[in-house]
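Q: Let me give you the structure first, and then I'll get to my questions.
The values are calculated or read from the model by the stated rules, or taken from the named source; none is laboratory data. For clarity, every value in this text was computed on a predicted model and none was experimentally measured. Virtual Cβ from ideal backbone geometry, glycine too; neighbours counted across all protein chains shown.
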């Protein structure tokens, strides 16, 4: 029987295999159906951005509509820039506009829940991570459309004179299932860090399938005005149309072919004439205080002639979410990184998924033979299983250090985990004199993790979206390591009092980035600001005049507060005190900003329903990031809560096969088979893996893996396939792994 017919029988298999099931409840994974009313309440996302100099002001409108027969509450998880300062939200119902208020998170939640119970339309915007937000919209009536507008501003920092504006569109499927195991393996000392909003809002959200893509439309329009001519501009993520009104201004519109292009981050690169950056000082007065942003280009420094042997520890993610395109990108990147090493350097590679293993017990010299050996091992890697990040980092950092070598850790991952703060603390506590560089792989990387790992690790973050960028990114790492850094960076004022400067302490700077400070000031008659630093035996300084405040620079108040919060909260895992929480909360309330501890809530005081208790909650499916295979998403099953020892309420089952039709058949069958297992059987299956062949006769031959899991599922799978008369035109190899799902 040919594969085409097998795929048609997939639906039949799902029904017939119910004979094996002892539990009739549906698994918790997305089953898209044209008949499912209100299944996709998010109609569209429309973005308008204005970029002036280094500052972007962005307006986002999300339109929600209820096409079902009953009132609904829409729940949607979506990403944002890690530097976004969200300062405004409003809800539009027809011609009415309800402006949202910023409240402490618990008060905002109470206000929203009360309004929902009273049958009032309401919306609530919360921060789950600095780059992940959650929107609730309550009591959308049948046939009704509600529009939510958010506004934010962000500071764009160039790298090597290239500016990049990123509008994130997708929250990748996070691996969350064994967080407690990760913490136990990584050490009890990181257990007590101040945790953020539980990521059930992200990790347990349904995800679109390859067969049923997102129906939500996406559009973006950008107007750019620069003080100097724009030299080059390129959108590397989407098809876009560029319209130049003059040499300093351009408008960017998304091409019509990208109407459903919300499954990958929008990335726009541009440079200014002469390779310049926007340098100088911007100022603003809010009626009470003066704010400033000072940005200067770092000096050009020559490569160091003092060549210190280096030891590289590469930490490579080979989990299920990396299967396919992301892992292909990683393989090419690793070939370039290894090829750039000198023979006197040493290296080792640690691979991680549900577990970890290393290339060699000890670091190897970067000889052609050893590099070839590493190439061959990398080439054979196939993404599968969970993402046990914390034990992998811990294991890498425990490796004995080579005397006389400068050590650098280099992690390569998509970042689809929920233990960001724990990872930051782990690195901060054990890094020593090393550096930690982070490469984010894929079209919708978890930038909070990638930027945070580099931040606490005194390194640099890199984002690689496709194989064509691998050469340049590997060269950039080589450039960073071989060029000296600027140290002892300081800012002082003449005829001006500077205070509340962010950052308080500038770390050593890789000179491909500009030097920048946010702060406040009290000015004299001729104020100037001096920026200075040291590189080796040379000193650097630049003095700038402080201009008069401009009304158009209103974003500076939000940017200063957001930068303050960033250093207080985002990457700060050492100062988990009530004072830090109180200061972050106060900044959010005073500056009208969304934070970990403050939320936006809007309530329409005209009741839509007599009673909102019966409103059905609909979770808007998250678009699968472009390039992520179905193996990276798998499916999740609710399980009996009596399995107390695992502290989990679900399992995830990852299936991988080179033939996607066969993979779909196995996934569909296993959903039903796994439902029929008892609690004891499910407990036995946790963390197990099998690889088997499906033969042309429908028989199954075990290749490797756990016999317990094979006994639980393979006989039933073979019985179901043979019962239906399903045959294959050749032998297909299938991998199945069972991991923890959502924890309680």
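Q: Scanning the stretch 498-523 for residues that are loosely packed, with under 13 Cβ neighbours inside 10 Å and touching a strand residue (DSSP E or B) at 6+ places or on another chain (Cβ under 6 Å), which turns out nearest to residue 566 (Cα to Cα)?
A: Across the stretch 498-523, the extreme among qualifying residues is 499.
Q: Quick one: residue 552 ticks every box in (1) at pLDDT below 95; (2) buried (at least 19 other Cβ atoms within 10 Å of the Cβ); (3) closer than 19 Å to residue 88 by Cα bar one, so which box is it?
A: With respect to (1) at pLDDT below 95; (2) buried (at least 19 other Cβ atoms within 10 Å of the Cβ); (3) closer than 19 Å to residue 88 by Cα, residue 552 is out only on (2).
Q: Here's another thing I want to ask about it. Taking residue 80 as the residue in question, decide whether it is under 18 Å from residue 612 (Cα atoms), assigned by TED's automatic domain parsing to the domain that holds residue 156, buried (at least 23 other Cβ atoms within 10 Å of the Cβ) and under 26 Å from the mean Cα position of the chain (by Cα).
A: When the stated conditions are applied, residue 80 does not pass them.
Q: Suppose we filter 386, 452, 459, 440 for residues that are surrounded by 23 or more Cβ atoms within 10 Å (Cβ to Cβ) and modelled with pLDDT under 85; which single one remains?
A: Of the residues listed, the single one that is surrounded by 23 or more Cβ atoms within 10 Å (Cβ to Cβ) and modelled with pLDDT under 85 is 386.
Q: Looking for something in contact with a strand residue (DSSP E or B) (Cβ under 8 Å, 6 or more places away or on another chain), farther than 22 Å from residue 449 by Cα and assigned to a helix (DSSP H, G or I) - is there at least one such residue anywhere in the stretch 567-588?
A: yes
Q: Does the stretch 89-100 hold any residues that are on the phi < 0 side of the Ramachandran plot and not in a strand (DSSP E or B), and which are they?
A: 95, 100
Q: Which number in (1) surrounded by fewer than 18 Cβ atoms within 10 Å (Cβ to Cβ); (2) assigned to a loop (DSSP other than H, G, I, E, B); (3) touching a residue at least 12 places away in the same chain (Cβ under 8 Å) marks the one condition that residue 526 misses?
A: Tallying (1) surrounded by fewer than 18 Cβ atoms within 10 Å (Cβ to Cβ); (2) assigned to a loop (DSSP other than H, G, I, E, B); (3) touching a residue at least 12 places away in the same chain (Cβ under 8 Å), residue 526 fails exactly one: (2).
Q: Just checking: which of the strands (runs of 3 or more DSSP E) contained wholly in the stretch 601-708 hold 2 or more residues that are over 30 Å from residue 97 (Cβ atoms) and modelled with pLDDT of 65 or more?
A: Filter on the stretch 601-708 gives 650-657, 689-694, 700-705.
Q: If you go through the stretch 282-298, how many residues are touching a residue at least 12 places away in the same chain (Cβ under 8 Å) and over 32 Å from the mean Cα position of the chain (by Cα)?
A: 6
Q: Can I ask one more? Looking only at the stretch 494-512, decide whether some residue is part of a strand (DSSP E or B), out of contact with any helix residue (DSSP H, G or I) (no Cβ under 6 Å at 6 or more places or on another chain) and modelled with pLDDT under 90.
A: yes
Q: Can I ask one more? Tell me the residue from 356, 330, 319 that is more than 18 Å from residue 437 (Cβ to Cβ), under 30 Å from the mean Cα position of the chain (by Cα) and touching a residue at least 60 places away in the same chain (Cβ under 8 Å), please.
A: Matching residue, one of 356, 330, 319: 319.
Q: Looking at residue 595, is it surrounded by 15 or more Cβ atoms within 10 Å (Cβ to Cβ), within 30 Å of residue 111 (Cα to Cα) and in contact (Cβ under 8 Å) with a residue 60 or more places away in the chain?
A: yes
Q: Please specify each residue of the stretch 236-264 satisfying the condition of being modelled with pLDDT of 90 or more, within 17 Å of residue 164 (Cα to Cα) and in a loop (DSSP other than H, G, I, E, B).
A: Scanning the stretch 236-264 gives 236, 237, 238, 239, 248.
Q: Can you tell me how many residues within the stretch 50-88 are outside any strand (DSSP E or B) and within 28 Å of residue 502 (Cα to Cα)?
A: Matching residues across the stretch 50-88 total 7.
Q: Also, quick follow-up: Starting from the stretch 494-506, keep only residues that are at positive phi, then list their pairs with residues that are part of a loop (DSSP other than H, G, I, E, B) whose Cβ atoms are within a distance under 9 Å, requiring at least 6 positions of separation or different chains.
A: So the pair list comes out as 495/546; 500/289.
Q: For the stretch 689-719, which residues satisfy the criterion of being on the phi > 0 side of the Ramachandran plot and within 36 Å of the chain's Cα centre (by Cα)?
A: Within the stretch 689-719, 705 is the sole residue that qualifies.
Conditions tested, residue by residue: (1) modelled with pLDDT of 95 or more; (2) assigned to a strand (DSSP E or B); (3) surrounded by fewer than 21 Cβ atoms within 10 Å (Cβ to Cβ).
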{"position": "102", "(1), (2), (3)": "yes, yes, no"}
{"position": "106", "(1), (2), (3)": "yes, no, yes"}
{"position": "111", "(1), (2), (3)": "yes, no, yes"}
{"position": "124", "(1), (2), (3)": "yes, yes, no"}
{"position": "142", "(1), (2), (3)": "no, no, yes"}
{"position": "150", "(1), (2), (3)": "yes, yes, no"}
{"position": "154", "(1), (2), (3)": "yes, yes, no"}
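Q: Based on this model, can you work out whether residue 375 counts as not in a helix (DSSP H, G or I) and not assigned by TED's automatic domain parsing to the domain that holds residue 735?
A: No.
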